[in-house]
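Below is one structure, written out as structure tokens, with a few remarks after it.
The values are calculated or read from the model by the stated rules, or taken from the named source; none is laboratory data. Everything numeric in this text was worked out from a predicted model, so none of it was measured. Note that we place each Cβ from the backbone using ideal geometry, even for glycine, and neighbour counts take in every protein chain shown. These area figures cover heavy atoms from the full protein model, side chains too; ligands, DNA and RNA do not enter into them. Shrake-Rupley method; radii C 1.70, N 1.55, O 1.52, S 1.80 Å.
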Amino acid sequence: MESVRAVLIDIDGVLTVSWRPLPGAVEALREVREAGFAVLLVTNTTSRTRASIAGTLAEAGFPVSAGDILTAPAATAAYLAEHCPGARCALLNSGDIVEDLDGVTVVEEGDTGTVPDVVLVGGAGPEFGYTALDRAFGHLQRGARLVAMHRNLYWRTDEGLRLDSGAFLAGLERAARVEAEITGKPSRAFFASALARLGVGAQEAVMVGDDVESDVLAAQRAGVTGVLVRTGKFQPETLRDADGTPDHVIDSFADLPALLRESAQQ
């Protein structure tokens with residue numbers, strides 16, 4: 001931790017819940033920036049574009065702009081450009097993220113004459129009904145690749161936990177006998193992209209998240225120090241049953257500046 005130059009931060013459940021700031025989060029982010037750390041907000045949120053996210057956070061007082069945010073959709077666009085350029089994609093997602101899917105060809109839902117090359121799965125919502133899932137299943141049976149922005153099973157709102165697309169993704173994989181290619185967290189490629197944006201090595205960064213598997217342990221597997229917060233979707237039993245142990249566990253993001261100071265002094 002004494003060599004840390006950059007901080008990767010999940011948004012939902014770490015800085016905000018239902019886009020409302022968690023106690024002390026705004027002040028803590030300002031303190032981290034003022035201490036000279038490079039900052040990148042890394043999120044699997046697929047309901048909003050980077051510009052929309054940045055606007056909402058800035059209105060709440062967070063010192064961020066769209067350039068400080070890496071979303072799963074933006075990472076997905078880069079992945080598709082590299083691994084399947086020109087692919088026609090059937091998008092199953094809740095929310096308008098086309099702006100962040102730069103260069104991606106999205107097949108309109110009513111276009112029955114175009115056969116998609118890729119079934120692209122984002123975040124869950126009302127759009128994940130039987131008809132949409134069965135249509136995706138049909139594309140997969142005809143040979144389309146399955147690309148998913150994340151495997152999150154649920155997320156935290158101010159009304160409690162809500163089911164996410166990871167639950168539906170598991171069903172599609174099993175039914176179609178395919179394995180999804182993951183482009184957001186917890187994929188190693190996502191963290192590599194984040195580090196490249198900041199120009200730092202894995203040993204020079206920490207990842208702060210509320211999801212022990214997708215945020216923290218995934219970052220640790222990529223060589224990044226993992227910090228788990230006890231907010232958002234954190235549950236004691238999830239930590240107990242995890243496949244590994246976080247490098248650090250703190251009560252909330254508000255405690256991060258103190259952790260960084262203590263590590264620097266050591």
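Before moving on, here are some points about what is shown:
- In the chain, the portion of solvent-accessible area held by carbon and sulfur atoms comes to 47 percent [1.4 Å probe, whole percent, DNA, RNA and ligands not counted].
- Legend: calculated FRET efficiency, T112 to R5, from the Cβ-Cβ distance at R0 = 45 Å, rounded to 0.05, equals 0.30.
- Fraction of the pair-distance distribution of the chain above 29 Å, Cα-Cα pairs, percent: 29
- Gained length - C84 relative to T238, 0.36 nm times residue gap less alpha-carbon distance: 51.9 nm
- Each Lys and Arg adds +1 at its Cβ and each Asp and Glu adds -1 at its Cβ; summed about the Cα centre, the chain shows a dipole of about 380 debye.
- Along the chain, the exposed loop sites are GluC sites (Glu not before Pro) outside DSSP states H, G, I, E and B with at most 14 other Cβ atoms within 10 Å, and the longest stretch free of them is 3-107.
- Expressed to the nearest 5 percent, the antiparallel share of DSSP beta bridges inside the chain is 15 percent.
- Calculated from the alpha-carbon coordinates, segment 98-210 shows an Rg and a Dmax of 16.2, 49 Å respectively.
- FRET efficiency for A192 and D102, using Cβ-Cβ distance with R0 set to 30 Å, rounded to 0.05: 0.95
- Measuring nothing but how far apart in sequence close Cα pairs (under 8 Å, 6+ apart) lie, relative to its length, the chain scores a relative contact order of 22 percent.
- Accessible area per residue for the chain is 45 Å², calculated with a 1.4 Å probe on protein heavy atoms, without ligands, DNA or RNA.
- Where labels lie 7 Å past Cα in the beta-carbon direction, separation of R135 and T245 in nm: 4.9
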